Amino acid sequence: MSTPAVSFIVPCYNAARYVPEFCESILAQTFRDFEVLIGDDGSTDESVNTIRPFLRDPRFKLFSWKPNRGMHAGVLFLLSAARGQYWCPPGTDDILDPSFLEKRLPKLAARPEAVLIHGASNWMDEHGKPCLNDTTQRALPELGRRLPESLPADRMLRILLQHDIVNWPSTLARMDITRSILPYYAPRWVWAMDWMLWILLAATGFDFLWDPEPLIRWRVHSQSLSASPQKLAIRRIERKLVPIHALRTASEFSLPAKAIWIEHRTALYRWWLTTAVASRWRGQFKTADLYLAAEAYRGALPRSVSLWGELVRHGFPALLQYRREQEAVRHQLFPVSGLPLIDDPLFKP
């Protein structure tokens, strides 16, 4: 059996409404050397039945499991089963331009110093109509205009600490380099699983490429992660935990990541503590999150840790840092998800 050039990695959960259109956009690709690995993650709708007709094409493979494990576990499983030299993770509710692979693959293949290429998207709502708001009309187009064709790994690491700028469904990445960091890829995240992956990949020292041409329609709908208070709480916590945990993990195998970790570890930890206090006030605080952050900061699992004890050590400096963070945010193109004190010029208005 020949090895395909590209593996599409496609976790699927209750996506029966969108799967046919998505699969048709894959079949329409003008570059034909690919496989499509779809992992049905315990769907309770007709997703499996809507996928079955496409299995007549031998490039399509369906994996199913119950109960639902979450997207992170699905991605890891499908990556382990993939045979391609490159991989791409579009969502089952997205639509790829027919020239997606034909245009994007040669750009990455020609740059052996790069680990991935990602690009712009046209956002749409759940009905397929353009999603028009300040983010899609102003902030993202401006960010896209500023992004250079190639970002070196050391700068990319710092940018990723400030904001996850990588467009997940538009990404095409090298499989061999990705697999080299998977042992460090902790399967615990719900919202920011891709953010940790990009930080680990940047720590390998390979560049990140940008393609400004929108070759995918990315669907945003009412079932997004921030659609409920519980999911919004997960997002608030993870956006503080992932950068500190990912950078600490990357420092174990990467000297550039270690240098950046030494420089920013305390600021990242104090940045997290302000959210820990806020989550405590909202009744959403979890001791396990505090242990995870403290373990990353100290480099070892503490015997005991309490929020009060950490505030005694870091409270006043954390408050001063918070004020600097708020001032930094006022001078940025848009509110970043990560540590605003990194202050890369990419985010300057």
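Read-outs throughout are calculated quantities, based only on the coordinates presented, and are distinct from any laboratory measurement. None of the values given here were measured: they were computed from a predicted structure. With ideal geometry, Cβ positions are generated from the backbone for all residues, glycine too; neighbour counts draw on all protein chains shown.
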With the alpha-carbon atoms as the only input, what is the per residue convex hull volume for the range 227-347 in Å³?
120
Output the Kirkwood hydrodynamic radius of the range 47-100, Cα pairs only, in Å rounded to one decimal.
13.2
Only four residue types carry charge here, +1 at the Cβ of Lys and Arg and -1 at the Cβ of Asp and Glu. Report the dipole size of the range 227-347 about the Cα centre in Debye, rounded to the nearest 20.
380
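What's the magnitude of the charge dipole for the chain around its Cα centre, counting Lys and Arg as +1 and Asp and Glu as -1 at the beta-carbon? Answer in Debye, nearest 20. The partial results should precede the final answer.
Working: 43 positive and 36 negative charges, 212 e Å.
The dipole magnitude comes to about 1020 debye.
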If I stretch the segment between R235 and R52 completely, what's the gain in nm (0.36 nm per residue apart, minus their alpha carbon distance), one decimal?
62.5 nm
Mean residue ellipticity at 222 nm from the helices of the chain, using -39,500 (n - 2.57) per DSSP H segment of n ≥ 4 over the full residue count, to the nearest 500 deg cm²/dmol?
-14000 deg cm²/dmol
Karplus (6.51, -1.76, 1.60) ³J(HN,Hα), θ = phi - 60°, over the range 56-67, in Hz, Gly and Pro reported as x
5, 7, x, 6, 8, 9, 10, 10, 10, 8, 9, x
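Roughly what % of DSSP beta bridges within the chain run antiparallel, to the nearest 5?
Values: 9 of 33 bridges.
Of all bridge pairs located within the chain, approximately 25 percent are antiparallel.
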Considering the options Q29, L241, V75, tell which one lies farthest towards the positive end of the dipole of the chain, charges being +1 on Lys and Arg and -1 on Asp and Glu at the Cβ, about the Cα centre.
L241
So what is the relative contact order of the chain, in percent, for Cα pairs below 8 Å that sit 6 or more residues apart?
17
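Helix check for the chain. Which DSSP H runs span at least 20 Å along their own axis by Cα, with a mean Kyte-Doolittle hydropathy no less than -1.0?
Numbers: long enough: 229-250 (31 Å, -0.25); 255-282 (39 Å, -0.16); 307-329 (28 Å, -0.38).
Qualifying helices, which must be both long enough and hydrophobic enough, are 229-250, 255-282, 307-329.
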Provide the FRET efficiency to the nearest 0.05 for the R146-E252 pair, computing r from the beta carbons and using R0 = 25 Å.
0.20
Would you order W65, W261 from fewest to most other beta-carbon atoms within 10 Å of each residue's own beta-carbon?
W65, W261
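Ranked from highest to lowest mean number of other Cβ atoms within 10 Å per residue, what is the order of the peptides 236-248, 26-38?
Ranked by mean Cβ neighbours within 10 Å, highest first: 236-248, 26-38.
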Using amide H atoms built in the peptide plane, which far-off residues or other-chain residues are under 5 Å from G42 H to H?
W65
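Averaging sequence separations of C-alpha pairs under 8 Å and six or more residues apart, then dividing by the length of the range 1-98, give the relative contact order as a whole percent. Don't skip to the answer; put the middle values down first.
Details: 181 pairs, mean separation 46.5, N = 98.
It rounds to 47 percent for the range 1-98.
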Which label belongs to the value computed from this structure, given these candidates for mean projected area of the Cα convex hull in nm²: (1) 17.5; (2) 23.5; (3) 15.4?
(1)
Run the numbers on the range 242-349 and let me know its relative contact order in percent, using alpha-carbon pairs under 8 Å that are six or more apart.
24
Which is farthest toward the positive dipole end of the range 156-224 among L160, L182, S170, measuring Cα position about the Cα centre, with Cβ charges +1 (Lys, Arg) and -1 (Asp, Glu)?
L182
In nm, give the distance between the simple-model label positions of S306 and F63, each being 7 Å from the Cα along the Cα-to-Cβ direction.
4.5
By a straight-distance test (C-alpha under 19 Å), which lysines pair with K286 as possible cross-link partners, with residues fewer than eight away in the same chain excluded?
K231, K240
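Report the charge-dipole magnitude of the range 1-98 in Debye, nearest 20, computed about the Cα centre from +1 at each Lys and Arg Cβ and -1 at each Asp and Glu Cβ. Mind dumping the intermediate values first?
Numbers: 9 positive and 12 negative charges, 78 e Å.
My answer is approximately 380 debye.
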Ranked by how many other beta carbons lie within 10 Å on average, peptides 262-274, 5-17, 308-320, 118-130 from highest
5-17, 262-274, 118-130, 308-320
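Label the range 1-98 by shape, choosing from rounded, prolate and oblate, from the square roots a ≥ b ≥ c of the eigenvalues of the Cα gyration tensor; if a/c is under 1.5 it is rounded, and otherwise prolate applies when a/b is larger than b/c, oblate when it is not. Write down the numbers at each step before the final one.
Numbers: a/c = 1.73, a/b = 1.24, b/c = 1.39.
Note, shape of the range 1-98 comes out oblate.
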Compare the Cα positions of S306, A296, M124 along the charge dipole of the chain (+1 at Cβ of Lys, Arg; -1 at Cβ of Asp, Glu; about the Cα centre) and return the one farthest towards the positive end.
S306
I need the calculated FRET efficiency for the pair S180 and L319, taking r as the beta carbon distance and R₀ as 35 Å, to the nearest 0.05.
0.30
